[in-house]
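These notes concern the structure reproduced below.
Values in this text are rule-based calculations from the coordinates and carry no lab data. Just so it is clear, the structure is predicted and the values come from calculations on it, not from any experiment. Reconstructed Cβ throughout: ideal geometry from the backbone, glycine too, with neighbour counts over all protein chains shown.
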């Protein structure tokens, strides 16, 4: 199954209204109940006043011509939380949806190479992306916003959408010095810019905005990048940076199990003594059954895009490499991610933040692989006979153990 088929399969709409909330026949919509009145009001106006979290969105349809623009909250409620994924695990799923679906997306079609010579509209959108605090914005739309549900696996949801006519800032963006410095450096490669921003405390979502709007990299290579591609690129670039160091460290000496569950997702990590290797087994439990997708990287293999699990692979790998880098240790890592009934696509941030939360908890330690796998089986709902035989990394380690026992 290809990446596009998997993404399509994982998208959902409300089975009642099929994404068109105006045709909803439920007394209380499970997705839009907290924002219905606001959405009805917004859908009747063409000028929107409010604040951007800050947040922008670049679509991928039609590339190299893409739709892009700012996301604007007509209400100041929760605006400071709308991009801060590190806090979202502690917020009810319904509230996250309410926050994000209240964001109005004003979009304009622009060619990706326009980043090198932006017009007034793109310059203003880039100013929003520079800010690290919410910024006041006024959007003028060509028509009243259209409300529909279009939930994506990799990006967070947005609310009403309309074609953008023009945009004005009602206050000056608050920009970090390190961001201004790197954005103005047109000789610095994009990968190096991502690393410097991250090491100076700029969060992933802030870096993603800059990469997506063509604001980092050498001058002749700057271009607009769809948001979902930028998210994966930032996770991948940072992961490879930490991996380079991790491969030089001493192995861990025992088997360690970490896990955490939130928002209908559970992530279980098994760290094993050995050379760096990584495998993600994604288990989708739906309608009484399940489907399994796997991607991995073993010692000596060349990097390749994880076609089966997509952006979740890099989103989970990054926190693990961060921890090993901090601990100055190397390990082989197997991750099982279960997705349960009730799951709604909100973006890969969820895997990244669940993994970080899991790694903050003390691990359960074992002296043998068999003991560790028994513990994993207690945590995961899916019986290990369905996923263990598919794991390349377990095959590798069990072979290593057999050789050691023989010697």
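Some notes on this structure:
- Modelled label positions at residue 94 and residue 374, each set 7 Å beyond Cα in the direction of Cβ, lie 4.2 nm from each other.
- Peptides ranked, highest mean first, by Cβ atoms within 10 Å: ranges 199-210, 73-84: 199-210, 73-84
- Projected onto planes of every orientation and averaged, the convex hull of the alpha-carbon atoms in the stretch 247-406 covers 9.3 nm².
- Comparing 381, 164, 130 in a Gaussian network model of the chain, where Cα atoms under 10 Å apart are tied by springs, the biggest mean-square fluctuation is seen for 381.
- Mean projection area, nm², convex hull over Cα of the stretch 125-212: 7.0
- Estimated distance in nm for a label pair at residue 304 and residue 219, the labels positioned 7 Å out from Cα along Cα-to-Cβ: 4.0
- For the listed peptides 222-235, 337-350, 240-253, 306-319, a ranking on the average number of other beta carbons within 10 Å per residue, highest first, reads 306-319, 222-235, 337-350, 240-253.
- Compared with the dominant principal axis of the Cα atoms in the chain, helix 369-379 is inclined by about 40°.
- Where only alpha carbons of the stretch 323-364 are counted, the Rg and the Dmax (Å): 12.9, 38
- Straightening the chain between residue 251 and residue 200 buys 15.5 nm, computed as 0.36 nm per residue apart minus the Cα-Cα spacing.
- The largest-to-smallest principal axis extents of the Cα set in the chain are 74, 56, 35 Å.
- Helix-only mean residue ellipticity at 222 nm for the chain, each DSSP H run of n ≥ 4 adding -39500 (n - 2.57), per residue, nearest 500: -10500 deg cm²/dmol
- Sequence-separation-based contact order of the chain, relative, with Cα cut under 8 Å and 6+ spacing, percent: 16
- Cα-based helix-to-principal-axis angle, 190-199 vs the chain, degrees rounded to 10: 80
- Each of residue 178 and residue 292 was given a label point 7 Å from its Cα along the Cα-to-Cβ line. The distance between the two points is 4.1 nm.
- A Förster radius of 41 Å combined with the Cβ-Cβ distance from residue 170 to residue 360 puts the calculated FRET efficiency at roughly 0.60.
- Packing-based order for 268-278, 172-182, using average beta carbon neighbours within 10 Å, highest first: 268-278, 172-182
- Between the helical axis of 311-327 and the longest alpha-carbon principal axis of the chain there is an angle of about 60 degrees.
- Calculated FRET efficiency for the pair residue 185/residue 367, C-beta based, R₀ 45 Å, to 0.05: 0.35
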